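Student: Provided herewith is a single structure, encoded as structure tokens, for subsequent inquiry.
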Amino acid sequence: MIKKGETSVNKPIGILARLNITAETLKSYQPMVQISDNYLEKVILNSRVMTFDKGETVFEKKHALPYTYYLLKGKIKIQKSLFSSKVLDAESPDCLYDINSKIPNGVKVSAVEAGHILMVD
């Protein structure tokens, strides 16, 4: 059971199967379209999924981004300052690329709606 305010990071096989993450679905993300199916299967085996609920903190202000992150589902808000924020929607073309460059260090990221982030090692 996930406690309020915590995100869940799941091992790949179960959650990726439930989310239908396959080599074919990964090819809709850049630069995955350029990678062979055999290599993508290895990517899937070494990936994790972060699951978050609406209102949860996804990344704290002082965070490291040790993986390449792809927003698979949901919306997240990047709070750059008190009056400056940006919402990323998994259904937008921006999210066909990794979201690492969109999340500068020193900003808080919270979930606008529940979703999943693929963490590629």
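Student: Restricting attention to segment 40-57, and to residues there that are of a type in the set (Ser, Thr, Tyr) and assigned to a strand (DSSP E or B), which single residue is farthest from the chain's Cα centre (by Cα)?
Tutor: If we take residues in segment 40-57 being of a type in the set (Ser, Thr, Tyr) and assigned to a strand (DSSP E or B), then THR57 is farthest from the chain's Cα centre (by Cα).
Student: Here are ILE99, ILE78, ILE35, ILE21: which of them is modelled with pLDDT under 90, out of contact with any Asp or Glu (no Cβ under 7 Å at 6 or more places or on another chain) and either among the hydrophobic types (A, V, I, L, M, F, W, C) or within 14 Å of VAL120 (Cα to Cα) (or both)?
Tutor: ILE21
Student: Across segment 39-53, what is the number of residues that are closer than 11 Å to LEU26 by Cα and either in contact (Cβ under 8 Å) with a residue 40 or more places away in the chain or surrounded by 16 or more Cβ atoms within 10 Å (Cβ to Cβ) (or both)?
Tutor: Count: 3.
Student: Could you tell me which residue of segment 83-96 is modelled with the lowest pLDDT, considering only residues that are farther than 20 Å from GLN30 by Cβ and in contact with a strand residue (DSSP E or B) (Cβ under 6 Å, 6 or more places away or on another chain)?
Tutor: Filtering segment 83-96 for residues that are farther than 20 Å from GLN30 by Cβ and in contact with a strand residue (DSSP E or B) (Cβ under 6 Å, 6 or more places away or on another chain), the one modelled with the lowest pLDDT comes out as SER85.
Student: If I ask for residues that are outside any loop (DSSP other than H, G, I, E, B) and aromatic (Phe, Trp, Tyr), which ones from segment 69-121 would you list?
Tutor: TYR69, TYR70
Student: Considering only segment 80-106, state which residues are crowded, with 17+ Cβ neighbours inside 10 Å and closer than 18 Å to LYS54 by Cα.
Tutor: Within segment 80-106, LEU88, ALA90 qualify.
Student: Still on this model: Filter segment 10-39 down to the residues that are β-branched (Val, Ile, Thr), in a loop (DSSP other than H, G, I, E, B) and either within 14 Å of the chain's Cα centre (by Cα) or within 19 Å of LYS75 (Cα to Cα) (or both) and list them by number.
Tutor: Answer for segment 10-39, where residues must be β-branched (Val, Ile, Thr), in a loop (DSSP other than H, G, I, E, B) and either within 14 Å of the chain's Cα centre (by Cα) or within 19 Å of LYS75 (Cα to Cα) (or both): just ILE21.
Student: What number goes with the only condition from (1) in contact with a strand residue (DSSP E or B) (Cβ under 6 Å, 6 or more places away or on another chain); (2) surrounded by fewer than 16 Cβ atoms within 10 Å (Cβ to Cβ) that LEU71 does not pass?
Tutor: That leaves (2) as the condition not met.
Student: Can you tell me which condition LEU65 does not meet? The list is (1) hydrophobic (A, V, I, L, M, F, W, C); (2) surrounded by 12 or more Cβ atoms within 10 Å (Cβ to Cβ); (3) in a strand (DSSP E or B); (4) out of contact with any Asp or Glu (no Cβ under 7 Å at 6 or more places or on another chain), and all the others hold.
Tutor: Just one mismatch for LEU65, condition (3).
The values are calculated or read from the model by the stated rules, or taken from the named source; none is laboratory data. Computed from a predicted model, the values in this text were never measured in an experiment. Heads up, the Cβs are rebuilt from the backbone with ideal geometry, glycines too, and the neighbour counts pull from every protein chain shown.
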